């Protein structure tokens, strides 16, 4: 009794094998592409700090050392119930900082106020010497 020898030609009859090497190359290339591009994606943003919720007794103490600057929907800037222009914000902040060195500023911006005006006010406040700047939204006119 002799055993039949199997050759490679017998496997071709069952079906052809699919070559997966090109697909693996493609998947590896995609993986490398996404890893490299993920490293270079950097989001640019503006760091904002909101004033913490406080008690009413704390609020009275803070009001004496806090300056409120309102930016209205029309882009008008209001300090101490006076409408001022963008150029005088820095002078008002410097005067306030001279009176109260530990001063902080809260920019109350209307949600529909022009973003450029709000950022300009924040820049003027920082140029005026106050680093503790908070922004809070307002829906009123």
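General observations
- Protection proxy ranking of 99-111, 23-35, 118-130 - average other beta-carbon atoms within 10 Å, highest first: 118-130, 99-111, 23-35
- Cβ-Cβ distance of residue 32 and residue 119, R₀ of 41 Å, FRET efficiency by 1/(1 + (r/R0)^6): the value works out to about 0.60.
- Between residue 94 and residue 78, the modelled labels are 2.7 nm apart [label points 7 Å from Cα along Cα→Cβ].
A short reminder: the numbers here are calculations on the coordinates, not readings from a lab. Just so we're clear, the structure is a prediction, and the values are computed from it rather than from any experiment. Backbone-built Cβ (ideal geometry, glycine too); neighbour counts: all protein chains shown.
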